[in-house]
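Every number in this text was worked out from the coordinates using simple rules, so none of it is lab data. Just so we're clear, the structure is a prediction, and the values are computed from it rather than from any experiment. Note that we place each Cβ from the backbone using ideal geometry, even for glycine, and neighbour counts take in every protein chain shown.
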Amino acid sequence: MMFLLPKKQSGFSLIELMISIGLGLLLLLGASQVYLSSKQTYAFNEELGWMQENARFALDQLNRDVRMAGFWGCSTEGKFVNTLNPVGGSGWQIDFTRAVRGWDGDDAGYPSPEFPNSLGPIVNAATVPGSDLLTIRRADDSTGQFNVTSHNTSSAVIDVDGSHDFAKGDILVVTDCNHTAVMQHTGNGTNMVNHNPGGSVSPGNCQKALGSSCGVAPSVDYRYSPDSGATVMRAQAHGYYVDLAPNGVPSLYRRVIQSGSAAVASEELVQGVENIQFIYGEDLNGDGAPERYVDSDDVTDWSDVTVVRLNMLVRSLAAIASQPQPFRFAGTDYTPDDRFLRQQFVSTIKIRNK
């Protein structure tokens, strides 16, 4: 009888096991590198897309507002009067005779309590200029234009067609294309506008006559007739500036006149905007085209500004670069002290009402 011996078991040797583990670790390391590279690329593209999206929104807001600066319903020709009493602070929001007015970010009076700027220097040398400030004034027809049906200058009442939603204390503008007046609504009616002095509103009207501005003696009446095509709208003033948001990200802010008064409040428009430089094109010979582009400090007459050119620096939300990323802004190259991504956006805007 034959007996079969049990077959001898075989397996990997220690050397083979070490080689297998080494190869596995090498493959795992390669996969990890691919994963980390893909993750970094995704984060980079996500931040870049976020920057570009926010830049488009900011440029859209600024372009639309600058284009409409000085819009009062029709032609810019004719007389313009302002019957509002002075307000505290700089009074920029009721300076309606100026369609645009800017301040340089390095001016001694800016930043201010009205327009703060809590950002530190982007580079240690602090050679990047301070972010500028731009203010804009115009009529706001987004809530409608109401045609004048009658105007009693003695009682300072303008009747309009339809029912408006103007609140008592709103800053309004009335124009017939030959004569434009800014005043404060002092009544409560929904089919009429009152422009009496007093009326428990602030700052109030200095007079009820709409033919001349405050401080011009003697005050002159002006009656808006129904057949003149006169309309009534809200008047609005915006002030654009850059400051830190509560989460520590630099953001574009806008100061806006509040309903029921000439007081202003800030609203955050978009995050990531780190700096804006404004350059102004002055029309020196009246042909509508600018002959020179200058900083705000060198503008000789703001009524001659027909073009606003802006350089906007947008920063990423997270510091995702492996090392500081050089960037170019307003014609100068910089190397920052952090690892944020930055990109410059440029726009040249023609003021339509010039």
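Values computed for the structure shown
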| read-out | value |
| --- | --- |
| Neighbour-count order for 68, 192, 183, fewest beta carbons within 10 angstrom listed first | 68, 192, 183 |
| Which labelled figure in (i) 136, 51, 35; (ii) 65, 47, 43; (iii) 94, 51, 34 is Cα extents along the principal axes in Å, once derived from the coordinates | (i) |
| Order of 252, 119 - criterion: other Cβ atoms within 10 Å of each residue's Cβ, fewest first | 119, 252 |
| Using alpha-carbon coordinates, inclination of helix 14-67 to the longest axis of the chain, degrees | 10 degrees |
| Gain upon complete extension [residue 178, residue 154; 0.36 nm per residue less C-alpha separation] | 6.5 nm |
| Distant-in-sequence amide H partners of residue 180 (H built 1.01 Å from N, under 5 Å) | 79, 80, 81 |
| Estimated vicinal HN-Hα couplings, Hz - segment 161-174 in sequence order (Karplus 6.51, -1.76, 1.60; Gly, Pro = x) | 7, x, 10, 9, 10, 5, 8, 4, x, 5, 8, 10, 10, 10 |
| Full-extension gain in nm, residue 191 to residue 249, via 0.36 nm per residue minus C-alpha separation | 16.4 nm |
| Footprinting exposure proxy for 148, 307 (fewest neighbouring C-beta atoms within 10 Å first) | 307, 148 |
| Label-reachable residues, segment 263-285, where backbone N falls under 18 Å from a point 7 Å from residue 106's Cα toward its Cβ | 275-280 |
| Antiparallel content of DSSP bridges confined to the chain, in %, to 5 | 95 percent |
| 13 Å beta-carbon shell around residue 348, net charge (K/R +1, D/E -1) | +3 |
| Pair residue 333, residue 21: separation of 7 Å Cα→Cβ label points (nm) | 5.1 nm |
